[in-house]
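Have a look at the structure below, then the notes.
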Amino acid sequence: MERDRADEQDGVDRAARERVARRDEAVRAAVAQGLLGPGAPVVGLLDVTGIRESAAALRAAFEAVVPPGTPVLHAFAVKATPLVPVLRLLHAEGIGAEVAGPGELALARAAGLPPELTVLDSPAKTTAELREALELGIALNADNPQELDRLDDLVRSAPTRPTPPGAASTWTASDSDSASASSALPRSPLGIRVNPQIGGGSIGATSTATRTSKFGVALRDEGAREWVVRAYLDRPWLTRLHAHTGSQGIPLPLMARGVAETYALAEEINARIGRPQIDTIDIGGGLPVDFTGEAEAPTYAEYARLLAREVPGLFDGRYGLVTEFGRSLLAKHGTVVARVEYAKSAGGRRIAVTHAGVQVATRTVYAPAAWPLRIAAYDAEGRPKAGPEVVQDVAGPACFSGDLLAEGRALPPLEQGDFAAALDTGAYYFAHHYGYNSLARPGIYGFAPDPAGGVAFATVRRPQTVPEIVAESGGAHVDALTTLNAPGSR
């Protein structure tokens with residue numbers, strides 16, 4: 001066993017070294033090919049090889065702990081990197097999509113994700129969104145009793161699917177005042193999201209299982225657990241149970257505890273019903289990312305083994321599984337690279353003024369203690385800089401003093417025309433533009449080795465143009481306010 005763990009760590013370290021080498025070569029090639037330079041001072045780069053490797057590692061981790069033939073859907077949390085080509089790549093690697101609203105659903109459909117590989121989760125689904133999901137056959141989890149009331153009405157006219165063996169073949173309105181009359185289950189697998197209320201991690205904003213979290217039914221509130229059980233007793237079409245403990249800053253043992261609580265509830269519900277009505281448990285995602293170094297840690301294999309030890313019944317083949325990982329699949333495989341426009345000093349501190357700041361790294365700029373980023377220095381030709389390190393700030397272009405990617409960071413001195421790279425930014429960074437100062441969205445390019453031994457690039461999202469900024473800012477309606485209730489008008 002120890003030898004196996006040592007071999008696994010060697011593989012993680014080797015993958016990290018290879019990822020650094022690919023990134024360095026991509027930065028140099030981006031400069032050489034004109035994707036990065038004076039006319040394109042900030043870009044996002046995505047490592048296609050690394051993304052494929054993470055997807056394969058996720059699949060392999062759970063395949064190692066579930067019996068053969070167990071249905072497992074790994075649904076990528078689209079909010080982490082809402083880019084159609086990324087979703088298409090992940091789909092090609094056997095990964096589905098978890099969407100949180102009509103925009104993300106549209107992205108998943110544009111990427112070719114079929115309904116059976118898509119899960120809809122959102123705390124504020126409209127009736128129209130619920131109806132669309134049911135018509136398409138997309139799985140969804142009701143967040144609260146009011147949403148379940150809406151589903152009661154909508155399920156009556158929703159498309160159906162064959163009733164699985166062992167399930168109730170029919171139900172009628174007489175079974176429950178809220179049950180839907182039908183002879184088969186809705187095409188969409190339906191469940192309820194619960195909050196096990198087991199506590200938060202080190203970042204409150206990404207902790208979703210606290211006592212007052214806005215997500216799901218709070219199981220420890222008075223009467224809530226019994227209400228959930230009764231909801232399943234009354235609705236044979238509820239066949240899934242969902243919980244998500246949190247994301248960055250959540251330790252693995254707490255994540256495992258959340259899964260264990262959810263499994264125990266599923267067992268209780270099925271026992272009360274007297275048959276395995278709940279056939280699938282959605283354990284959420286949220287594997288934290290180590291932003292302090294190159295290695296991907298913790299690994300999917302570590303998490304899957306922990307779950308198998310702590311919740312063995314979940315992995316005995318009686319339940320299908322859904323996961324919703326996002327950040328951990330993409331973070332390490334994205335890099336924001338920005339040109340140093342000016343190098344100056346203030347109060348004895350060096351400052352590299354770059355074109356990457358709050359518009360691409362909003363969380364880091366506003367909450368640097370919770371979301372620190374590593375910075376790599378490259379010279380004007382895109383080669384890694386060496387030499388003695390000096391303490392310096394890496395600043396962005398926005399007009400407020402706190403627009404800093406890094407403060408007081410020891411790096412090789414960044415000079416005018418050099419490049420600063422914000423590492424581990426493949427999730428929740430350059431695809432989540434913040435329009436401060438009407439700064440343009442950067443171009444995003446995927447890269448992979450080409451047959452000749454160089455680097456090939458593909459456009460994922462082209463750079464935003466200034467005319468597009470004007471159009472988004474109401475350029476077509478320039479006189480809208482001056483003509484509204486103008487003097488003399490009635």
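The values are calculated or read from the model by the stated rules, or taken from the named source; none is laboratory data. Please read these numbers as outputs of a predicted model, since none were measured by experiment. No Cβ is skipped: glycine too gets one built from the backbone with ideal geometry, and neighbour counts run over all protein chains shown.
Looking at (1) in contact with a Ser or Thr (Cβ under 8 Å, 6 or more places away or on another chain); (2) at pLDDT 95 or above; (3) within 20 Å of R19 (Cα to Cα), which is the one condition that is false for R327?
Looking at each condition in turn, R327 falls short on (2).
Only one of (1) in a helix (DSSP H, G or I); (2) touching a Pro at 6+ places or on another chain (Cβ under 7 Å) is not met by R272, so which one is it?
(2)
If we only count helices (runs of 4 or more DSSP H) wholly inside region 300-407, which ones have 3 or more residues that are over 30 Å from L241 (Cβ atoms) and within 27 Å of the chain's Cα centre (by Cα)?
Output list reads 362-366.
Hey, G286 hits all of (1) of a type outside the set (K, R); (2) out of contact with any Ser or Thr (no Cβ under 7 Å at 6 or more places or on another chain); (3) part of a loop (DSSP other than H, G, I, E, B) but one; which does it fall short on?
(2)
Is one or more of the residues making up region 473-482 within 30 Å of the chain's Cα centre (by Cα) and either among the small types (G, A, S) or modelled with pLDDT of 95 or more (or both)?
The answer is yes, given that some residue of region 473-482 is within 30 Å of the chain's Cα centre (by Cα) and either among the small types (G, A, S) or modelled with pLDDT of 95 or more (or both).
Restricting attention to region 406-425, and to residues there that are in contact with a Gly (Cβ under 8 Å, 6 or more places away or on another chain) and surrounded by fewer than 20 Cβ atoms within 10 Å (Cβ to Cβ), which single residue is nearest to K385 (Cα to Cα)?
Only one residue tops the list, namely P412.
For region 63-134, which fully contained strands (runs of 3 or more DSSP E) count at least 2 residues that are farther than 30 Å from S157 by Cβ?
72-77
Residue-wise test of (1) more than 28 Å from F291 (Cα to Cα); (2) part of a strand (DSSP E or B); (3) outside the structural domain of A301 (by TED's automatic domain parsing); (4) modelled with pLDDT of 95 or more.
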| site | (1), (2), (3), (4) |
| --- | --- |
| V228 | yes, no, no, no |
| A231 | yes, no, no, yes |
| P236 | yes, no, no, yes |
| R240 | yes, yes, no, yes |
| Q248 | no, no, no, no |
| P253 | no, no, no, no |
| A256 | no, no, no, no |
| A264 | yes, no, no, no |
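Inside region 269-314, can you point out the residues that are among the polar types (S, T, N, Q) and without any contact (Cβ under 8 Å) to a residue 60 or more places away in the chain?
N270
Quick check on this structure: which one of V289, V336, V259, V311 is closer than 30 Å to E415 by Cα and among the hydrophobic types (A, V, I, L, M, F, W, C)?
Only one candidate qualifies: V336.
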